Amino acid sequence: MSTTLTIAQAQGKLAELLEMAQSGHEVIIEDPAKGRARLVPCAKTQARPRVLGLHEGQGCMSEDFNAPLPDSFWLDEKQE
């Protein structure tokens, strides 16, 4: 089943439209100037906590990491 609304009709009904989309109902919002958009539910993801030190020793940073970049870099000049 599908419901199509203009953007003016959809304003103020966002909570209701989101509930409809999450229950599997297709919701289409039309804007004459910009076209159409479809509300669809996003898949739920479970964020895993980050583990400190998981990849310890696998990365490196050069000694000049914080050194200022040369002007040629900022001016997009080719170095020969």
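Brief remarks follow.
Residue by residue, here is whether (1) of a type in the set (Asp, Glu); (2) touching a residue at least 12 places away in the same chain (Cβ under 8 Å); (3) in a helix (DSSP H, G or I) holds:
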site: GLN9; (1), (2), (3): no, no, yes
site: LEU18; (1), (2), (3): no, yes, yes
site: ILE28; (1), (2), (3): no, yes, no
site: CYS42; (1), (2), (3): no, no, no
site: GLN46; (1), (2), (3): no, no, no
site: HIS55; (1), (2), (3): no, no, no
site: CYS60; (1), (2), (3): no, no, no
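- Answer residue from the stretch 8-44, given it is among the hydrophobic types (A, V, I, L, M, F, W, C) and more than 22 Å from the chain's Cα centre (by Cα) and is surrounded by the fewest Cβ atoms within 10 Å (Cβ to Cβ) among those: ALA33
- Residues within the stretch 1-25 that are hydroxyl-bearing (Ser, Thr, Tyr) and within 20 Å of CYS42 (Cβ to Cβ), tallied: 3
- Subset of the stretch 45-80 that is of a type in the set (Ser, Thr, Tyr) and over 30 Å from the mean Cα position of the chain (by Cα) - its residue that is surrounded by the most Cβ atoms within 10 Å (Cβ to Cβ): SER72
FYI, it's all coordinate maths here, none of it is from the lab. Note that the structure is predicted; figures quoted are calculated from it, not measured. Cβ sites come from the backbone with ideal geometry, for glycine too, and all protein chains shown count toward neighbours.
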